[in-house]
Amino acid sequence: MLNRTADSVARATPESLARKVRGISDKGLAWLFISPTILLLLAINIFPLFWAIYLSFTNYRANRPNEVVKNVGLANYRRILGDQDIWIAMQTTAHFVFWTILLQTLIGFTLAWLIDRKFRGHAFWTTIILVPMMLSPAVVGNFWRFLYEPQIGLFAYAISFVSGIPATQIGMLSNVSLAPWSIVIVDTWMWTPYVMLICLAGLRSIPEYIYEAAEVDRASNWRQFWSITLPMALPFIMLAVLFRGIENFKMFDMVNLLTGGGPGSTTEVASITLKRQAFESWRTGYSSAFAIILFVAVFGLANIYVKALNKVKQR
Amino acid sequence: MSLTSAHSVVAPSATSKRVAGTIIVLYALISIVPLLWIFATSFKTPPDSIAYPPKILFQPSIEGYCNLFSTRTRQTPEYINSLGPATGVCDETVRKRNMVIAGPSNFMPRFVNSLIIAFGSTFCAVFLGTLSAYGFSRFKVPLADDLLFFILSTRMMPPIAVAIPIYLMYRELGLSDTALGMILLYTAVNVSLAVWLLKGFIDEIPREYEEAAMIDGYTRLQAFWRTVLPQATTGIAATAIFCLIFAWNEYAFAALLTSGTAQTAPPFIPTIIGEGGQDWPAVAAGTTIFLVPILVFTILLRKQLLRGITFGAVRK
């Protein structure tokens with residue numbers, strides 16, 4: 001169709017203009033427009049990725065650049081899969097991802113469902129709710145350290161006010177059993193609006209006539225919710241879940257500043273382990289292998305994500 | 001829900017609206033408390049900030065902001081008395097704590113770095129993104145879907161996994177701790193968002209506009225410049241703001257790849273310490289200054305927010 005248009009344009013225009021039209025062919029222009037982006041991504045993302053793949057088969061250490069680099073084959077991968085610490089980090093990550101997604105989906109969907117009632121001033125309050133997710137997780141996460149302080153922190157004070165437990169005993173960041181929840185709370189505070197916004201779009205995409213028909217059929221509100229609202233919003237909820245899943249699987253900044261993986265390694269999610277191995281122990285080869293494993297996992301998730309995304313788009 | 005309601009049979013009842021409104025307002029107020037607390041703490045004195053119980057009412061002070069922008073040294077009262085009158089509000093404030101201002105802190109240079117790197121990378125990402133998005137939107141590109149997925153997938157990589165080889169590569173190229181290196185990196189991360197968002201926006205502009213322009217004798221390039229770009233201004237602006245927010249907020253790359261001259265504000269703010277621990281009013285002051293631009297942008301963007309956070313997958 002494009003070619004036909006181009007042909008008709010070429011035929012309809014005088015010779016002097018036609019030359020101008022043909023100046024750059026559409027195909028040439030397409031590549032001219034797209035190639036800089038592809039080249040940049042090849043240089044900054046793909047080339048380093050291949051470098052990392054190469055390093056993952058070596059014993060290279062970035063802090064000793066002059067040492068002879070030995071090829072160690074699959075040894076790094078074998079060691080990672082047998083490394084207790086790595087498995088603990090994966091479990092910590094799974095705990096974090098599971099609970100953040102569960103809480104964010106439940107709260108986010110409920111909020112969206114309530115906002116969809118379009119009470120007076122809902123637009124203003126929605127904007128207020130959205131603010132936390134736009135802020136820097138690092139800078140805000142850092143400030144949560146202050147809110148979590150056992151005695152002087154506002155969070156501990158509020159909890160002790162409600163529960164009666166002395167504020168000095170609420171060490172969210174120092175208590176081994178509370179620390180994993182401290183990161184779940186901040187992440188949920190920050191990203192529930194994200195899930196809410198996507199769910200809201202899902203709820204608003206449901207045409208009103210379906211509810212009208214259900215009303216005519218005397219379907220109860222309960223029934224309408226389970227048979228219309230939830231199934232029709234489901235693709236959107238899934239989209240939000242997958243997006244949060246990928247993001248939280250890679251979670252680094254907020255956790256690094258809030259707990260730094262501590263106390264001990266109770267909040268050491270995969271990215272923190274990776275950082276400790278790569279930039280503190282300087283086991284570059286070993287950490288590259290771990291990075292590749294994480295990347296393959298995220299890539300798998302991303303694949304599912306894009307498929308789900310296309311499904312949502314088709315609606 | 002009553003079937004006899006005046007307008008629509010499915011409109012929520014007044015009671016359900018009131019209940020929903022109350023819950024939402026409560027949630028909004030609670031979720032905004034940490035941010036209000038940051039703002040309040042920035043105007044507290046260090047003793048007020050660590051008082052128990054936490055002080056809601058307090059005498060506002062600009063000490064946090066003074067401490068944020070300056071480095072101070074402790075001196076004897078005799079020495080301070082010998083100095084003559086204080087030269088400014090901050091000078092006066094710190095003298096009350098037996099200190100004198102020794103010089104400016106690193107906050108300003110780090111803030112300027114953040115500005116340069118965020119704006120530089122946003123410009124590059126939007127420039128490249130607009131061209132690519134137009135290419136993908138209007139031309140038959142072989143393997144277009146695969147290329148678009150490739151572009152998106154680069155954004156899915158865990159930042160630390162990318163940082164390891166980038167760290168080595170930048171060390172070889174001399175790009176470690178340089179603004180140029182960070183701009184290149186953020187451009188690469190943001191260009192995927194820019195391509196996906198802008199493709200959506202450009203897809204919505206009817207092709208007929210350019211075709212008409214080309215029939216009028218414009219070349220395709222001119223048609224792109226004179227008809228598509230003006231039509232896509234809103235989309236380009238929204239995309240630019242999303243890229244800006246990402247680059248502004250980014251921490252992982254900045255913390256691992258910059259340490260001095262090119263360090264941005266996010267890795268710097270947590271390192272602000274006073275005597276005997278973190279100087280929370282100064283941290284809060286830095287955080288407040290850092291967050292205000294994003295608040296303004298969020299309000300400007302609220303109509304496009306959904307599109308931006310889903311890579312253009314959900315449009316309203």
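Report the extension gain between B:Lys303 and B:Ala11 in nm, rounded to one decimal, defined as 0.36 nm multiplied by the number of residues separating them, less their alpha carbon distance. Display every interim value, and only then the final one.
Values: separation 292, 0.36 × 292 = 105.12 nm, distance 2.39 nm.
Between B:Lys303 and B:Ala11, full extension yields 102.7 nm more.
With a 4.7 Å Cβ cut-off, tell me which Cys residues in chain B come up empty for a partner.
So, B:Cys124, B:Cys243.
Could you tell me the calculated FRET efficiency between B:Leu29 and A:Arg218, based on Cβ-Cβ distance and R0 = 41 angstrom, to the nearest 0.05?
The value I calculate is 0.60.
Mind listing the phi-derived Karplus ³J(HN,Hα) values for region A:47-57, rounded to whole Hz, using 6.51, -1.76 and 1.60 with θ = phi - 60°, and x for any glycine or proline?
Per residue, the Karplus-derived 3J(HN,Hα) values read 4, x, 4, 5, 4, 5, 4, 4, 4, 5, 9 Hz.
Which lysines, if any, have their Cα less than 29 Å from the Cα of A:Lys70, not counting same-chain residues under 8 positions apart?
Leaving aside lysines fewer than 8 places away in the same chain, those within reach of A:Lys70 are A:Lys275.
Would you pull out the residues with amide H under 5 Å of B:Gly274's amide H, same chain only if 5 or more places away, H placed 1.01 Å from N?
Answer set, sorted by chain and number: B:Asp279.
Which residue, B:Ala161, B:Ala28, B:Ala232, tops the fluctuation ranking in a GNM of chain B built on C-alpha contacts under 10 Å?
Maximum among the listed residues: B:Ala28.
Whole-Hz Karplus ³J(HN,Hα) for region B:185-193, in order, using 6.51 cos²θ - 1.76 cosθ + 1.60 and θ = phi - 60°, x for Gly and Pro?
Coupling constants for region B:185-193: 5, 5, 4, 4, 6, 7, 5, 5, 4 Hz.
Where Lys and Arg each count +1 and Asp and Glu each count -1, what net charge lies around A:Ile101 among other residues with Cβ under 12 Å from its Cβ?
-1
Which FRET efficiency value, to the nearest 0.05, is calculated for B:Asn81 and B:Glu172 with the Förster distance at 51 angstrom and r the Cβ-Cβ distance?
0.35
Once you order the gyration tensor axes a ≥ b ≥ c over the Cα atoms, which shape class does region A:83-314 get: rounded for a/c under 1.5, otherwise prolate or oblate by comparing a/b with b/c? Walk me through the numbers on the way to the answer.
Working: a/c = 2.61, a/b = 1.44, b/c = 1.80.
The shape class here is oblate.
Go through region B:230-241 residue by residue and turn each phi into a ³J(HN,Hα) via Karplus (6.51, -1.76, 1.60, θ = phi - 60°); whole Hz please, and just put x for glycine and proline.
Going residue by residue, I get x, 5, 9, 3, 4, x, 5, 5, 4, 4, 4, 5 Hz, with x marking Gly and Pro.
Which one of A:Leu39, A:Leu55, A:Leu203 has the biggest mean-square fluctuation once chain A is modelled by GNM with Cα springs under 10 Å?
Most flexible of the set in this elastic network: A:Leu39.
Give the lysines whose C-alpha is closer than 17 Å to that of A:Lys118, dropping any in the same chain fewer than 8 places away, or say none.
Filter leaves B:Lys17, B:Lys303, B:Lys316.
Skipping prolines and chain starts, which residues have an amide H placed within reach, meaning under 5 Å, of the one on B:Ser70, given they are 5 or more residues away or on another chain?
Placed amide hydrogens put B:Ser105 under 5 Å from B:Ser70.
Place a +1 charge on the Cβ of each Lys and Arg in the protein assembly as shown and a -1 charge on the Cβ of each Asp and Glu, then give the dipole magnitude about the Cα centre in debye, rounded to the nearest 20.
900 debye
Which lysines does B:Lys44 reach when only Cα atoms under 17 Å apart count, and residues fewer than 8 places away in its own chain are ignored?
Excluding near neighbours in sequence, the set is B:Lys55, B:Lys96.
Roughly how many nanometres apart are two label points built 7 Å out from the Cα toward the Cβ at B:Thr73 and B:Val89?
For B:Thr73 paired with B:Val89, the spin-label model returns 2.7 nm.
Take the alpha carbon atoms of region A:259-315, find their center, do the same for region B:264-316, and report the distance between the two centers in whole angstrom.
Here the two parts' Cα centres lie 24 Å apart.
Enter the mean projected area of the convex hull around the alpha-carbon atoms of region B:46-105, in nm², rounded to one decimal.
Reported value for the Cα convex hull: 4.6 nm².
Would you mind pulling out the separation of the Cα centroids of region B:223-245 and region B:175-216, in Å?
8 Å
For B:Lys140 paired with B:Thr234, estimate the spin-label separation in nm (one decimal), with each label point 7 Å from Cα along the Cα-to-Cβ line.
Those two pseudo-labels are separated by 3.2 nm.
Residues of A:234-242, mean number of Cβ from any other protein chain within 10 Å of their own Cβ, rounded to a whole number?
Per-residue shielding by partner chains comes out at 1.
Helix-only mean residue ellipticity at 222 nm, chain A, DSSP H runs n ≥ 4 weighted -39,500 (n - 2.57), per residue, nearest 500. What is it?
Computed mean residue ellipticity for chain A: -22500 deg cm²/dmol.
Return the distance in nm (one decimal) between the two label points of a simple spin-label model at B:Val112 and A:Trp282, each offset 7 Å from Cα along Cα→Cβ.
About 3.3 nm separates the two model spin labels.
How much mean residue ellipticity at 222 nm does chain B get from its helices, if each DSSP H run of length 4 or more adds -39500 (n - 2.57) and you divide by all residues, to the nearest 500 deg cm²/dmol?
So the calculated ellipticity at 222 nm is -20500 deg cm²/dmol.
Alpha carbon centre of region A:66-96 versus region B:86-100: separation in Å?
If you average the Cα positions of each part, the centres end up 53 Å apart.
Mind listing the long-range amide H neighbours of A:Thr58? Cut-off is under 5 Å, sequence gap 5 or more, other chains count too, H placed in the peptide plane at 1.01 Å from N.
Answer set, sorted by chain and number: A:Val72.
Please report the relative contact order for chain A, taking Cα pairs under 8 Å with a sequence separation of at least 6, and give it as a percent rounded to a whole number.
26 percent
In nm, what is the difference between 0.36 nm times the number of residues separating A:Leu178 and A:Ile53 and their Cα-Cα distance?
Taking A:Leu178 through A:Ile53 to full extension adds about 41.3 nm, to one decimal.
For A:Ile88 and A:Phe299, what does the FRET efficiency come to when R0 = 25 Å and r is the distance between their Cβ atoms, rounded to the nearest 0.05?
0.60
What order do you get for A:Asp187, B:Asp48 when you list them from fewest to most C-beta neighbours inside 10 Å?
The fewest-first ordering by Cβ neighbours comes to B:Asp48, A:Asp187.
Longest segment of chain B with no GluC sites (Glu not before Pro) in a DSSP loop having at most 12 other Cβ atoms within 10 Å?
B:1-203
Values in this text are rule-based calculations from the coordinates and carry no lab data. Owing to the predicted nature of the structure, the values given are computational and were not obtained by experimental measurement. All Cβ positions, even for glycine, are placed from backbone atoms using ideal geometry, and neighbour counts span all protein chains on display.
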